[in-house]
Amino acid sequence: FCVHLFGELPGALFATQFKPTINVVLETLTSHVSQSHDLIGLLLLLKINELLNQEMSKRKINELSDFFLSAQIVLKPKVKELFDLNVKSIQQADAKSMFTNQTDVAPKIVTRRFAELNASILRIFSFGDHEDDTIR
């Protein structure tokens with residue numbers, strides 16, 4: 001029935017029917033990513049994109065593999081740019097201005113933000129490595 005309805009190559013019909021929709025999604029993604037400064041949000045998008053691509057490959061549904069690749073191509077340069085900006089801001093930070101009071105031993109906001117960023121990155125990159133990390 002499927003071969004009779006869709007022809008020998010069902011993926012070709014999918015590509016023809018959904019190409020305009022996929023192009024709109026990619027254009028919208030590109031527009032939002034170019035204006036974003038949310039490193040954690042972009043890393044989450046990158047990880048979700050990777051996991052969905054793996055799941056589709058496991059199920060042998062390869063019609064969206066080009067979409068996942070295009071989304072990755074849009075996301076990765078912006079993630080690198082934001083990582084570079086974070087590193088640059090740490091390198092340019094003046095430690096003396098942060099520690100003006102010798103008696104104050106409370107953690108500085110910079111320390112807390114770095115720890116939160118580090119913890120988020122480690123959790124995002126390790127997601128999917130454990131059995132309880134599944135997409136439901």
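The values are calculated or read from the model by the stated rules, or taken from the named source; none is laboratory data. All values reported here derive from a predicted model rather than from experimental measurement. Neighbour counts are summed over all protein chains in view; Cβ atoms, including those assigned to glycine, are modelled from backbone coordinates with ideal geometry. Quick note on the areas: whole protein, heavy atoms, side chains included, nothing else; ligands and nucleic acids left out. Shrake-Rupley method; radii C 1.70, N 1.55, O 1.52, S 1.80 Å.
Filter segment 47-73 for residues that are among the acidic types (Asp, Glu) and part of a helix (DSSP H, G or I); which is least open to solvent (accessible area, probe 1.4 Å)? First the steps, then the outcome.
Taking segment 47-73 first, the residues among the acidic types (Asp, Glu) are 50, 55, 63, 66.
Of the ones still in play, those that are also part of a helix (DSSP H, G or I) are 50, 55, 66.
Details: GLU50: 79, GLU55: 62, ASP66: 111 Å².
Residue satisfying both the conditions and the ranking: GLU55.
Under 8 Å between Cβ atoms, which residue pairs at least 6 apart in sequence (or on different chains) link something in segment 28-44 that is under 13 Å from LYS80 (Cα atoms) and buried (at least 17 other Cβ atoms within 10 Å of the Cβ) with a partner that is modelled with pLDDT of 95 or more and among the charged types (D, E, K, R)?
VAL33/LYS78; LEU42/LYS78
Could you list, ordered by first residue, the pairs with Cβ atoms under 9 Å in which the first is in segment 116-136 and surrounded by 10 or more Cβ atoms within 10 Å (Cβ to Cβ) and the second is at pLDDT 55 or above and acidic (Asp, Glu), at least 6 apart or interchain?
These pairs meet every condition: GLY128/GLU50; ILE135/GLU55.
For GLU116, all conditions in the list (1) over 19 Å from GLN54 (Cα atoms); (2) modelled with pLDDT under 70; (3) among the charged types (D, E, K, R) hold save one; what is the number of the exception?
(2)
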